[in-house]
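Novice: One structure, as structure tokens, below. Some questions next.
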Amino acid sequence: MIKTTSFEIAYHQFLQPNGEPSGGLPPLARDTDTLHALYHNMVFTRLYDERAVNMQRTGQIGTFASSLGQEAIGAGVGHAMQPDDIIAPSFRESGALFFRGFRVRDLLLYWGGDERGMSNPDVGDDFPICVPISTHCTHAAGAAFAVKYRNEPRVVVCLIGDGGTSKGDFYEAINLAGVWNLPLVVVINNNQWAISVPRSMQTKTETLAQKAIAAGIPGIQIDGNDPIAVRHHVAEAIENARHGNGPTLIEAISYRLCHHTTADDATRYRSDKELEAHRQYDPVPRLRTYMTQQGIWSEEQETQLQTDCKTAIEQEVQHYLASEPQPPESMFDSLYATLPGELESQRRSLMGKE
Amino acid sequence: MSDITMIEAVNLALHHGMEHDPAMVILGEDIGINGGVFRATVDLLGRFGPERVLDTPLAENMIAGVAVGMAAQGLHPVAEIQFMGFIYPALDQMVSHAGRLRNRTRGRLSCPMVLRAPYGGGIHAPEHHSESTEALFAHIPGLRVVIPSSPTRAYGLLLASIRNPDPVIFLEPKRVYRLMKQGVKDNGEALPLDTCFVLRPGSDITLVSWGAMMHETQLAAEQLASEGVDAEVIDLATIKPIDMETILESVGRTGRCVIIQEAASTCSVGSEIAARLAEEGLMSLFAPIRRVSGYDTVMPMFRNEKHYMPSTERILQAVKETLEYA
Ligand SMILES: Cc1ncc(C[n+]2csc(CCOP(=O)(O)OP(=O)(O)O)c2C)c(N)n1
Ligand SMILES: [Mg+2]
């Protein structure tokens, strides 16, 4: 018998569900600006989600995926990244995208069926939202190769769901990242569900983090509803990667407190009891309690933040609602660098000029 | 016999298949307790149990490949791909194996599987949820491609696909899922797989379409009738193999043909029909064959999708131009 690898998967948490520290805290837990930024992002994202779900109900946008209950992941990842880093997002991480420079109006355009939602030039070279699950993992690996090839001190962060880890693309990407020692961090939002399929029906492994072992790269589990843990460990993995120490897989344990999307009815497959049992792990009150106990958050600040976020979101919503659709012929205009002549005639016929 | 929608007809055919064929199993993402995101597989888990109704992990290449393996060993898997936009990982299995297994083993093994997927635009769905790429599969030797356009044809054609000894890609135009109701008899009667359906006899022009575009095509035919133009309307239904005999017979009488499809026009199913008409029916044509298609662009996201999909007006315009040839 040859003993190859035996392993343990570390699980990290700094804040317990009730907001009390679980043990020693990292320096960022004393950094008021960072905590405020994380909290702001989570509250903003939650209010945006709520507004967007309502907009879907009234036909102002199409199908929408909320991140209710999972805001700490987007916030922690987005805040841990440097502006020059590159994100390859799934479709559920609005909070991270806000940190990256996407505006509410951009995301509403996207969910409102308008390509311009992913066109904001201020966003740099981040990847657009990825709908075909897991396909972006390999893009992230390719991007990580590109920055490494050019000796740029940049890191690529890929976000994926628990269901997405069942696809080959995911393993293919982390496997390559290991072999090529790529500056890649893959963060799994394990919200326990892939539409109606529970985590236990995706894989028999006890953790998703241990999938890293088969790729020969480090894999850790963190409390994905603890914004301090997400921010700290994602930043650590990013800085590791930046310094040439290769990729990391991070499984962030969370829970989807919402339907899969507005097109889904989770009551068909998930018990109220299970849902209710997970409300106590909500990341938003957790950080708020901690900050209150630290004396860096007050009722007045909370009221002010809520008002500020709502006002900002409302302004963005109005921007979106006032947007004119693109002209029909726009479907031709970003198709190729130069539109082939043959398509030029299709374009003219669409415009009724032929 | 009750009036039901296309999605209910699909469900009914699946129930009928499962009840009468112990070798049949159903697999896919969210097809169990959730009954499929469009509810095509509702109540199957409860009735036939988790040994035959299999919720899979999220992996389309696996779903198709596992179905190939099951089919090779005598099961009759009917696998669901949640949306056609996510079928591409399965393409490898369908091209490299499903379509070739019989041939590679000179008939020793075969692949009696069905791969179902909702396809097409018009329901304001997110990115990647609206394309019509049936031609990708129609191009592959060894596969059959079937597209129903109504509840009755969904029921009969799905049963035929389930009973067919070879792999079938069964594409369901999701815009039609709840668009209309028809009386469907749950009598287990399959429809033929290699035959077009003439929905409206006519003598002036032949309109060929399939899937959701049958709706606009029939509206156009009604409009034409009110203008004194008698259009014959054909629902292609089996995309591969194509029943050219019916189409050639029709065009032999009308001398004019317009093909209507949601898909991009280049290298499409419409291109194939036009080519076959040129090869085998040129002498009966009074006018050039016309295709009314989606454009050769990425399908726009839904705010502009209506400009992409052929409208009744675009069909009428093409018909008028075709009729202008004396
Ligand atoms: C390749 C692919 N297959 C199927 C789908 C349809 N679909 C959208 S989200 C989803 C579940 C995803 O679950 P998970 O990866 O856990 O992410 P979550 O939605 O929970 O954030 C499915 C099956 C898809 N978008 N892409
Ligand atoms: Mg999930």
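The values are calculated or read from the model by the stated rules, or taken from the named source; none is laboratory data. Quick caveat: nothing in here was measured; it's all calculated off a predicted structure. Methodologically, a virtual Cβ is constructed for each residue, glycine included, from the backbone with ideal geometry; neighbour enumeration extends over all protein chains shown. Just so you know, the surface numbers come from the protein's heavy atoms only, side chains and all, with ligands and any DNA or RNA stripped out. Shrake-Rupley method; radii C 1.70, N 1.55, O 1.52, S 1.80 Å.
Novice: If I filter region A:249-271 down to residues being among the polar types (S, T, N, Q) and in a loop (DSSP other than H, G, I, E, B), which single residue comes out as nearest to ligand 2 (Cβ to nearest atom)?
Specialist: So the residue we want is A:254.
Novice: Are there any helices (runs of 4 or more DSSP H) wholly within region B:71-174 with 2 or more residues that are of a type in the set (Lys, Arg), and if so which?
Specialist: B:101-104, B:151-163
Novice: Also, quick follow-up: Specify the residue that is farthest from ligand 1 (Cβ to nearest atom); the eligible residues are those in region A:149-171 that are open to solvent by less than 10 Å² (accessible area, probe 1.4 Å) and assigned to a loop (DSSP other than H, G, I, E, B).
Specialist: A:155
Novice: How many residues does region B:170-195 contain that are within 20 Å of residue B:3 (Cβ to Cβ), in contact (Cβ under 8 Å) with a residue 12 or more places away in the chain and open to solvent by 20 Å² or more (accessible area, probe 1.4 Å)?
Specialist: 11
Novice: Oh, and also: Which residue, of A:141, A:96, is of a type outside the set (Ser, Thr, Tyr), within 16 Å of ligand 2 (Cβ to nearest atom) and in contact with a helix residue (DSSP H, G or I) (Cβ under 7 Å, 6 or more places away or on another chain)?
Specialist: Testing whether each residue is of a type outside the set (Ser, Thr, Tyr), within 16 Å of ligand 2 (Cβ to nearest atom) and in contact with a helix residue (DSSP H, G or I) (Cβ under 7 Å, 6 or more places away or on another chain) leaves just A:96.
Novice: Here is a check on your reading of the model: is residue B:20 under 23 Å from the mean Cα position of the chain (by Cα) and more than 26 Å from residue B:96 (Cα to Cα)?
Specialist: When the stated conditions are applied, residue B:20 does not pass them.
Novice: Here's a check for you: in region A:93-127, which residue that is within 14 Å of chain B (Cβ to nearest Cβ), within 24 Å of residue A:162 (Cβ to Cβ) and in contact (Cβ under 8 Å) with a residue 24 or more places away in the chain is surrounded by the fewest Cβ atoms within 10 Å (Cβ to Cβ)?
Specialist: Filtering region A:93-127 for residues that are within 14 Å of chain B (Cβ to nearest Cβ), within 24 Å of residue A:162 (Cβ to Cβ) and in contact (Cβ under 8 Å) with a residue 24 or more places away in the chain, the one surrounded by the fewest Cβ atoms within 10 Å (Cβ to Cβ) comes out as A:127.
Novice: Hey, another quick one. I'd like to check which helices (runs of 4 or more DSSP H) are fully inside region B:268-326 and have at least 3 residues that are in contact with a helix residue (DSSP H, G or I) (Cβ under 9 Å, 6 or more places away or on another chain).
Specialist: B:269-281, B:312-323
Novice: Please name all residue pairs, on different chains or six or more residues apart, with Cβ atoms under 8 Å, provided the first residue is in region A:192-214 and is more than 12 Å from chain B (Cβ to nearest Cβ) and more than 11 Å from ligand 2 (Cβ to nearest atom) and the second residue is open to solvent by less than 50 Å² (accessible area, probe 1.4 Å) and in a helix (DSSP H, G or I).
Specialist: A:211/A:165; A:211/A:170; A:211/A:174; A:212/A:174
Novice: Another question, if that's okay. Take residue A:242 and decide whether it is among the basic types (Lys, Arg), open to solvent by 40 Å² or more (accessible area, probe 1.4 Å), more than 16 Å from ligand 2 (Cβ to nearest atom) and out of contact with any helix residue (DSSP H, G or I) (no Cβ under 8 Å at 6 or more places or on another chain).
Specialist: yes
Novice: Here's something else I'd like to know. So which of A:217, A:195, A:174, A:188 ends up being surrounded by fewer than 24 Cβ atoms within 10 Å (Cβ to Cβ) and within 16 Å of ligand 1 (Cβ to nearest atom)?
Specialist: Among A:217, A:195, A:174, A:188, only A:195 is surrounded by fewer than 24 Cβ atoms within 10 Å (Cβ to Cβ) and within 16 Å of ligand 1 (Cβ to nearest atom).
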